[in-house]
Amino acid sequence: MGDVLAIRSLRSIDRLLLVLFLLLLAVVAVFPFYWLAIGSVMPPAELFASVPRLWPSEPDLSPYRRIFDLVPLGRYFANSVIVSGTTTVVAVLVASAAGYCFARLTFFGQGVLFALILGALMVPSQATMVPLFVMFANWNLLNSYPGIILPGVVSAFGVFMMTQFFKALPAELREAAIVDGANEYRIFAGIYLPLARPAVATLSLFVFMGTWDQLLWPMIVAPAPDMRTLQVGLAFIRQQAPITNQVMAAIVVSVIPVVIAFLLTQKQFIAGIAAGAVKE
Amino acid sequence: MAVTVESVGTSGLRSRPTSFGETLRKSQPAYILLSPYLILFVVVLAYPLLYAIYLSFFDATLNRPPTFVGAGNFIQLFTDAEFYTALRNTFFFAFFVVLGETILPLAMALAMNERLPFRALFRTAFFLPVVCSWVVVSLIWSLLFAQQGLVNSVVQVLGVSPQPFFSNPGQAMWILIATTVWRNLGYYMVIYLAALQGVPQDLYDAASVDGATRWRQLWHVAVPMVRPVIYFVLTISIITSMQLFIQPFIMTNGGPLNATISVVQLLYRHAFVQLEFGYGSAIATFLLVLLVAVALVNKRVHDLVVR
């Protein structure tokens, strides 16, 4: 079968071409970050030189100090952590409970409710933002953490994902527990939920990153300077810090935690972000 | 009074509740576990959605009771040139972004599926833009394409005169498209790659026994096998592109002269800058109908095309 193997695999030249193709794209993907990093420590004159420089002559960390004077980045960051963290915890718990119900329990109206929730997947988030703003304005929730958090806590996708996961777990666990006299809540919290750790982790990452990256709703409901999330703060940063290397420093500071988290947990991170597709 | 029949066995598990009251009572734990989600769902999604549709028939703003205008908002919307500009921009953007996001990542995934060196490094590199938020990505590309930015410097070094970029309607739109595709390449590549890795080796072997080169194997075996995933990528790419907001908001603010304004951006301007809640809700209702229509058409095509 020597002949077949030769036909089947790629020739070395093809392999080389593919590597070059990927390398070119990889450079395109990574270069802006490199430029960001070096640009944040270069003075504007160098940054905007007519002959582009790829290395700073004298790295200068002052933009990093200046940007924290000009813009409350720490506050923005803390707001994002509080909002994303709370949303994630609540959304995942609530969606897990709901998913368990649809997967393991039978109840009146099950089909209709599930169909409704699936229908919600088709609704774009922007459709509800105007009324939510009016409602929250009336309830005094503007510029508050609950105001930013509440809409994000309903995750139809989360319910869908947890339902699929719980369906895949054996029904015998519940039946055995019922025979032993456990009530439904204990069965959920004590048996099925702990088994759902991988799905919970994936969903948590998915919700956290989705909330972290959000701009439109946090900007609408909480524009006040002390309540801005990181993304909202960054959206307005050029008004408060017109110097390019300062803006770059702010971006670097914003991106570093996420990049580090990504580099440390690549497989899980990628799985979490691509969670929407993992229903093969 | 309903007569119930105890089934054999003392565990209390009945295979079939025999009255409606029975059914409801058995449903109680489910309702309790489901209630947090249901309550939030109604408060934050269902009710506001209905309210949005309701509001679109009114002229509403802060500190003033809304006035009923019937179809007034919609008539104004469908006779507004700015609306059609936003729609055109959004569709133009969506078309090319979807093209780029569906095809190029597939090619990348096909390459990454082969036994090549440095694959882990490549995967990290491609996913780096994906972990960044759209605000960050938009800011980075704004800086790159600034009048005195890096790209113009390189362009001049190559002997070409400096380009207007964001001041030019055509170039501005293409920069938005490129930014979006750049950020999403890694995301869709990873999805395709996962699908490709599920293609069994025997299929390739069978093709090679028939004399197919690796390239033909890929085209005739791998790609058809991942057709459902291509379809899936197409779907989410279309739906997310239609909701374009951050890139034009950050990079061009819809300019120059509305050349890059998107439908969601129009909604933002009317509802949250000019505080025209009724008109904004009309745009939101339109967007809802548009996206639901896209989802339904998509599903129909899916059922026809994917076996």
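Let me confirm something: among A:I251, A:I273, which residue is modelled with pLDDT under 95 and within 12 Å of another protein chain (Cβ to nearest Cβ)?
Numbers: A:I251 fails: modelled with pLDDT under 95.
That would be A:I273, the only listed residue that is modelled with pLDDT under 95 and within 12 Å of another protein chain (Cβ to nearest Cβ).
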Keeping to the stretch A:170-228, report how many residues are under 26 Å from A:F133 (Cα atoms), outside any helix (DSSP H, G or I) and more than 10 Å from chain B (Cβ to nearest Cβ). 6
Can you tell me which residues in the stretch B:124-141 are surrounded by fewer than 21 Cβ atoms within 10 Å (Cβ to Cβ) and more than 7 Å from chain A (Cβ to nearest Cβ)? none
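Has the stretch A:260-269 got any residue that is within 30 Å of A:V41 (Cβ to Cβ) and in contact with a helix residue (DSSP H, G or I) (Cβ under 6 Å, 6 or more places away or on another chain)?
Filtering the stretch A:260-269 for residues within 30 Å of A:V41 (Cβ to Cβ) gives A:260-266, A:269.
Checking which are in contact with a helix residue (DSSP H, G or I) (Cβ under 6 Å, 6 or more places away or on another chain) leaves us with A:262, A:269.
Taking every residue of the stretch A:260-269 in turn, at least one turns out to be within 30 Å of A:V41 (Cβ to Cβ) and in contact with a helix residue (DSSP H, G or I) (Cβ under 6 Å, 6 or more places away or on another chain).
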Inside the stretch A:229-248, can you point out the residues that are within 11 Å of chain B (Cβ to nearest Cβ) and assigned to a helix (DSSP H, G or I)? A:L230, A:Q231, A:V232, A:G233, A:L234, A:A235, A:I237, A:R238, A:T244, A:N245, A:V247, A:M248
Of the listed residues (A:V200, A:V221, A:V179, A:V259), the one being touching a Leu at 6+ places or on another chain (Cβ under 9 Å) and not assigned by TED's automatic domain parsing to the domain that holds A:L105 is A:V259
Quick test of your reading of the structure: B:V131 fulfils all but one of (1) more than 22 Å from A:F262 (Cβ to Cβ); (2) within 24 Å of the chain's Cα centre (by Cα). Name the failing condition by number. (1)
If you go through the stretch B:228-245 one residue at a time, how many are surrounded by fewer than 19 Cβ atoms within 10 Å (Cβ to Cβ) and either of a type in the set (A, V, I, L, M) or over 21 Å from B:F95 (Cβ atoms) (or both)? 4
Going by the structure shown, is A:A137 under 19 Å from A:F157 (Cα atoms) and at the interface with chain B (Cβ under 8 Å from one of its Cβ atoms)? no
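The values are calculated or read from the model by the stated rules, or taken from the named source; none is laboratory data. Remember, it's a predicted structure, so these values are computed and weren't measured experimentally. Note that we place each Cβ from the backbone using ideal geometry, even for glycine, and neighbour counts take in every protein chain shown.
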